[in-house]
Amino acid sequence: MPLLIILTLLGLKHVPLADGLPLARAAGVVAFGYAAFLALRLIQPEDAVAIDGWSELRPSIVEYFACYGAAALAVVLMSAVIVIPGTRHVETTQLVATFLAALMLGGGAFLIGIGGLFTKVRWNNSVLEHKSAFGRETRIEWSDVRTVRPNWRGITIATEDQRAVTFSQFHSGAAQLAKHATNRARRNLETATKAFATL
């Protein structure tokens, strides 16, 4: 994805409409951000935190970096949109592009925050609990788990009655939870198949 964004930005340099935009600098920022992402992934702990018989996911350094970094960059760009036009003449295309970039970065920071930083996911031997950023709680018994699947938001653990918990794949302990949930889903399916066969 970052490679596609960089190639797109470099390709847009040859479009006459985007002549005045600092696309090469934007490509450099994307490349730097991706390099920082890879470096932070190397030092991310893989295990969940154990507290009073519960295992708990924790946001990773990558998510903090992405959320607060995007928010800070959005503030800088928005400040540029507000301050620069008053001091010197700037092309309308540059102002609109900077404004849109600031909105996208701000929106991205907000989504990362509510989808990862401010959620709570924990589990023990019998139940999985999820508390959203807005306080909504979901409880799933392991015996009800039927599917574990990846999607654009992360990993979703679901039951037959449409209850679902989605968590970020970047959380510390995400791989551990996904493996545990996959094993339980497989065992539940085998039990259901045997029960159906004996009828």
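The values are calculated or read from the model by the stated rules, or taken from the named source; none is laboratory data. Predicted model, so just to flag it, every value in this text is computed and none were measured. Glycine also receives a Cβ, built like all others from the backbone with ideal geometry; neighbour counts cover every protein chain displayed. Note: accessible area is taken over every heavy atom of the protein model, side chains too, but ligands, DNA and RNA are not part of it. Shrake-Rupley method; radii C 1.70, N 1.55, O 1.52, S 1.80 Å.
Just a few scattered comments:
- Pair list, Cβ under 9 Å, 6 or more apart: the range 57-77 residue outside any helix (DSSP H, G or I), other residue β-branched (Val, Ile, Thr) and at pLDDT 85 or above: LEU57/VAL49; LEU57/THR119; LEU57/VAL121; ARG58/VAL49; PRO59/THR119
- Selection count where residues are under 22 Å from GLY113 (Cα atoms), open to solvent by less than 50 Å² (accessible area, probe 1.4 Å) and not hydroxyl-bearing (Ser, Thr, Tyr), scope the range 158-173: 5
- Sub-8 Å Cβ pairs linking a first residue in the range 17-40 that is part of a helix (DSSP H, G or I) to a second residue that is modelled with pLDDT under 70 and among the hydroxyl-bearing types (Ser, Thr, Tyr), at least 6 apart or interchain, number zero.
- Any hit, the range 11-19, residues being surrounded by 14 or more Cβ atoms within 10 Å (Cβ to Cβ), modelled with pLDDT under 75, out of contact with any Leu (no Cβ under 7 Å at 6 or more places or on another chain) and over 19 Å from GLN176 (Cβ atoms): no
- Restricting attention to the range 176-196 and to residues that are open to solvent by 50 Å² or more (accessible area, probe 1.4 Å) and modelled with pLDDT of 90 or more, the residue that is nearest to the chain's Cα centre (by Cα) turns out to be GLN176.
- Residue selected from the range 63-84 under the condition open to solvent by 60 Å² or more (accessible area, probe 1.4 Å) and over 20 Å from the mean Cα position of the chain (by Cα), by the criterion modelled with the lowest pLDDT: VAL83
- Breaking point among (1) open to solvent by less than 50 Å² (accessible area, probe 1.4 Å); (2) farther than 27 Å from GLN162 by Cα, for HIS130: (2)
Every residue, every condition in (1) without any contact (Cβ under 8 Å) to a residue 40 or more places away in the chain; (2) in a helix (DSSP H, G or I); (3) of a type in the set (A, V, I, L, M, F, W, C), yes or no:
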position	(1), (2), (3)
LEU128	no, no, yes
PHE134	yes, no, yes
ALA158	yes, no, yes
VAL165	no, no, yes
GLN176	no, yes, no
HIS180	no, yes, no
ARG186	yes, yes, no
GLU190	yes, yes, no
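- When residues of the range 136-157 are limited to those that are modelled with pLDDT under 90 and open to solvent by 10 Å² or more (accessible area, probe 1.4 Å), the one nearest to ARG58 (Cα to Cα): ARG153
- Among residues of the range 136-175, those that are on the phi > 0 side of the Ramachandran plot and more than 13 Å from the chain's Cα centre (by Cα), counted: 2
- Meets criteria (within 30 Å of SER79 (Cβ to Cβ) and either buried (at least 16 other Cβ atoms within 10 Å of the Cβ) or at pLDDT 90 or above (or both)) for GLY108: yes
- Once the range 111-126 is narrowed to residues that are open to solvent by less than 30 Å² (accessible area, probe 1.4 Å) and without any contact (Cβ under 8 Å) to a residue 60 or more places away in the chain, the residue that is farthest from GLU56 (Cα to Cα) is GLY113.
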